[in-house]
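A short reminder: the numbers here are calculations on the coordinates, not readings from a lab. Keep in mind that what you see is a predicted model, and the values were worked out from it rather than measured. Glycine also receives a Cβ, built like all others from the backbone with ideal geometry; neighbour counts cover every protein chain displayed.
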Amino acid sequence: MADNEQESTNQKVSKILLTIVLLLLIIVILVGIFFGGKVINKAKLDNEIKEVASKNIESDDFSNIQVASSGEYAIVERAIKEFYRDYANYKKEFVNKLNDEKIKNMLTVGNYKTDGPEFTSSLEYIKSAQEEFNKVSDELLQVLTPENIMARIKNKNLSEYYQKLYKNYFFTGDNLVENLQESYQDVEDSKKLMNNVYNNETKILNFLVENKASWEVLNEKLTFNSEELSNEYNTLKSNLYAE
């Protein structure tokens with residue numbers, strides 16, 4: 001009888017130990033799946049960010065946003081790719097306006113012959129172009145601000161780890177935006193330069209309007225009937241890029 005009771009006790013202990021082992025095994029498997037999934041997702045995210053960061057912001061297409069990671073990693077990935085999409089769109093539009101051929105040819109003999117001496121179309125175009133350029137410039141500058149970058153994950157219910165991860169891609173080590181401050185400064189400098197051009201082209205054309213009876217195009221050259229006006233025109237033109 002005692003032997004049977006001992007055997008029964010041993011069987012119960014064995015079952016308990018087996019249950020504990022199975023529970024521990026399940027826990028190990030679940031932990032492995034959890035952390036393994038995090039490692040895989042982090043690797044996917046790193047690869048996606050490296051790929052998007054290697055593209056040319058002015059010529060490559062950023063419109064097709066496909067997310068490779070999952071969970072909160074996917075939220076981080078989408079926010080970064082949406083930043084790149086917006087940055088690329090505004091940068092391309094900004095560059096197009098910097099390279100406006102009509103603005104480049106505004107102070108040419110061809111335009112003087114076509115639209116002079118009143119320059120109504122030219123002055124209207126400069127005003128419109130300047131307003132559009134400044135709008136795009138301001139939107140591009142806004143996209144590049146740290147506040148805008150961080151606002152993209154606000155209210156996304158991300159835990160602190162993922163918020164820090166997102167922030168680190170931009171502002172720590174190998175920056176996602178390789179040199180964010182330099183990009184911002186380049187846009188500011190170009191904006192200032194272009195506004196000088198718009199303002200000084202307007203000033204020069206108004207000068208020609210005010211003195212329309214004192215100049216003409218002869219042999220494909222702008223000619224004034226006085227040296228004083230000619231010198232004043234040349235001075236204005238030499239200061240085209242100055243404040």
Restricting attention to segment 67-125, which residues are under 25 Å from ILE204 (Cβ atoms), among the basic types (Lys, Arg) and touching a residue at least 12 places away in the same chain (Cβ under 8 Å)? LYS97, LYS102, LYS113
Which residues, taken from segment 119-172, are over 17 Å from TYR90 (Cβ atoms) and among the basic types (Lys, Arg)? LYS127, LYS154, LYS156, LYS164, LYS167
Leading residue by the ranking (nearest to GLN163 (Cα to Cα)) among those in segment 101-113 that are out of contact with any strand residue (DSSP E or B) (no Cβ under 7 Å at 6 or more places or on another chain) and buried (at least 17 other Cβ atoms within 10 Å of the Cβ): ILE103
Please name all residue pairs, on different chains or six or more residues apart, with Cβ atoms under 8 Å, provided the first residue is in segment 145-166 and is free of Cβ contacts under 8 Å to residues at least 40 places away in the same chain and the second residue is surrounded by 14 or more Cβ atoms within 10 Å (Cβ to Cβ) and outside any helix (DSSP H, G or I). GLN163/ILE153
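Scan segment 149-173 for residues that are surrounded by 15 or more Cβ atoms within 10 Å (Cβ to Cβ) and either in contact with a Leu (Cβ under 9 Å, 6 or more places away or on another chain) or in a loop (DSSP other than H, G, I, E, B) (or both) and jot them down. If you could, list the steps in order and put the result at the bottom.
Going residue by residue through segment 149-173, those that are surrounded by 15 or more Cβ atoms within 10 Å (Cβ to Cβ) are 149-150, 152-153, 158, 162-163, 165-167, 169-170.
Scanning segment 149-173 gives ILE149, ARG152, ILE153, LEU158, LEU165, TYR166, TYR169, PHE170.
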Is it the case, given these coordinates, that LEU208 is part of a helix (DSSP H, G or I) and either more than 20 Å from the chain's Cα centre (by Cα) or loosely packed, with under 12 Cβ neighbours inside 10 Å (or both)? yes
Scanning segment 43-73 residue by residue, the ones that are of a type outside the set (Phe, Trp, Tyr) and in a loop (DSSP other than H, G, I, E, B) total 16
Scanning segment 60-89 residue by residue, those within 13 Å of the chain's Cα centre (by Cα), small (Gly, Ala, Ser) and surrounded by fewer than 17 Cβ atoms within 10 Å (Cβ to Cβ) turn out to be SER63
Looking at segment 217-239, which of its residues are closer than 27 Å to SER128 by Cα, surrounded by fewer than 16 Cβ atoms within 10 Å (Cβ to Cβ) and touching a Leu at 6+ places or on another chain (Cβ under 9 Å)? LYS237
Per-region count, segment 100-125, residues of a type in the set (A, V, I, L, M), assigned to a loop (DSSP other than H, G, I, E, B) and closer than 14 Å to LYS221 by Cα: 1
